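Have a look at the structure below, then the notes.
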Amino acid sequence: MANEPAVALNLTGYTDLSPDKIATIVTYLEMREAPALPLIRHPEGWILQRIDQDRPRYRSLFRKVGEPWLWFSRAVMADEELAQILDDPKVEVYALQDGTTDVGLLELDFRAGDEVELAFLGLVPGFIGQGAGLFLMHEAIRRAFARPIRRFFVHTCTLDSPGALAFYIRAGFTPYRRAIEVADDPRLLGFLPREAAPHIPVLSPI
């Protein structure tokens, strides 16, 4: 798959992709100053736990959160490459626990100095709409702007939850750029099960 010739992108119409490829529109957003955060209540017992050094727990939570939306970036990443990221003290990863199990993921990347990336924020199925996402976003903004930074940025795409982009905008992020990403379908490479993200059908019979 990786050795196939590149296909010229038609910027005024459709571009055919081979059945083993997926494509998504990526929207980049930024926040230049912290918005006023209202006080919010979250269910008693919810806590954030650092899980940077717990690789199995991180991979399991990333999979639970991202598999329904075909998140593949960390799923296809080798352990050594992932370790280089998570072992960096300027990367913070948190699991949101409801008192019983991990229900949310928050990952902040402070490696760029005066810029902070909201690398990942997501919830396991069944917890969207209960205030967990808002709680994680407030924590992300608070932690990012707890130090002097120039901007806080994130990107989302059409593989994510349909409400993700609007959620980021409501939180105070401003869209500033779009891109098209084309990648090998991770289900055909065995990194995700073929039944993952059924709203994005597998086209190749292989």
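The values are calculated or read from the model by the stated rules, or taken from the named source; none is laboratory data. Note that the structure is a prediction, hence the values are computed from the model and not measured. Heads up, the Cβs are rebuilt from the backbone with ideal geometry, glycines too, and the neighbour counts pull from every protein chain shown.
Residues that are of a type in the set (Gly, Ala, Ser) and either out of contact with any strand residue (DSSP E or B) (no Cβ under 9 Å at 6 or more places or on another chain) or modelled with pLDDT of 95 or more (or both) occur in the stretch 89-98; there is at least one.
Within the stretch 170-194, the set of residues being aromatic (Phe, Trp, Tyr) and not in a strand (DSSP E or B) comprises Phe173, Phe191. Looking at Glu80, is it under 18 Å from the mean Cα position of the chain (by Cα) and free of Cβ contacts under 8 Å to residues at least 60 places away in the same chain? In short, no.
Name the pairs whose Cβ atoms lie under 8 Å apart, with the first residue in the stretch 1-26 and among the aliphatic types (A, V, I, L, M), the second at pLDDT below 75, and 6 or more positions between them or separate chains? Close Cβ pairs satisfying both conditions: Leu17/Val7. Residue count for the stretch 136-169 under the criterion of being surrounded by fewer than 20 Cβ atoms within 10 Å (Cβ to Cβ) and part of a loop (DSSP other than H, G, I, E, B): the result is 10.
Of all residues being surrounded by fewer than 17 Cβ atoms within 10 Å (Cβ to Cβ) and either among the hydrophobic types (A, V, I, L, M, F, W, C) or free of Cβ contacts under 8 Å to residues at least 24 places away in the same chain (or both) in the stretch 170-182, which is farthest from Pro38 (Cα to Cα)? Just the residue, please.
Val182
Within the stretch 36-53, if we keep just the residues that are out of contact with any helix residue (DSSP H, G or I) (no Cβ under 6 Å at 6 or more places or on another chain) and surrounded by 12 or more Cβ atoms within 10 Å (Cβ to Cβ), the residue that is nearest to Gly172 (Cα to Cα) turns out to be Leu48. One residue stands out among those in the stretch 95-108 that are in a strand (DSSP E or B) and out of contact with any helix residue (DSSP H, G or I) (no Cβ under 8 Å at 6 or more places or on another chain): the one that is surrounded by the fewest Cβ atoms within 10 Å (Cβ to Cβ), which is Gln97. For the stretch 59-74, filtering for residues that are of a type in the set (Ser, Thr, Tyr) and closer than 23 Å to Val26 by Cβ leaves 1. Restricting attention to the stretch 183-206 and to residues that are within 25 Å of Gly13 (Cβ to Cβ) and in contact (Cβ under 8 Å) with a residue 40 or more places away in the chain, the residue that is surrounded by the most Cβ atoms within 10 Å (Cβ to Cβ) turns out to be Asp185. Being farther than 21 Å from Arg170 by Cβ, free of Cβ contacts under 8 Å to residues at least 12 places away in the same chain and part of a helix (DSSP H, G or I) is true of Pro56. Looking only at the stretch 5-14, decide whether some residue is over 14 Å from the mean Cα position of the chain (by Cα) and at pLDDT 95 or above. Among the residues of the stretch 5-14, not one is over 14 Å from the mean Cα position of the chain (by Cα) and at pLDDT 95 or above, which makes the answer no.
Per the conditions (1) modelled with pLDDT of 85 or more; (2) farther than 30 Å from Pro201 by Cβ; (3) in a loop (DSSP other than H, G, I, E, B); (4) of a type in the set (A, V, I, L, M, F, W, C), the sole criterion not satisfied by Leu17 is (2). A single member of Phe62, Phe72 is in a loop (DSSP other than H, G, I, E, B), aromatic (Phe, Trp, Tyr), surrounded by 21 or more Cβ atoms within 10 Å (Cβ to Cβ) and within 13 Å of the chain's Cα centre (by Cα), and it is Phe72.
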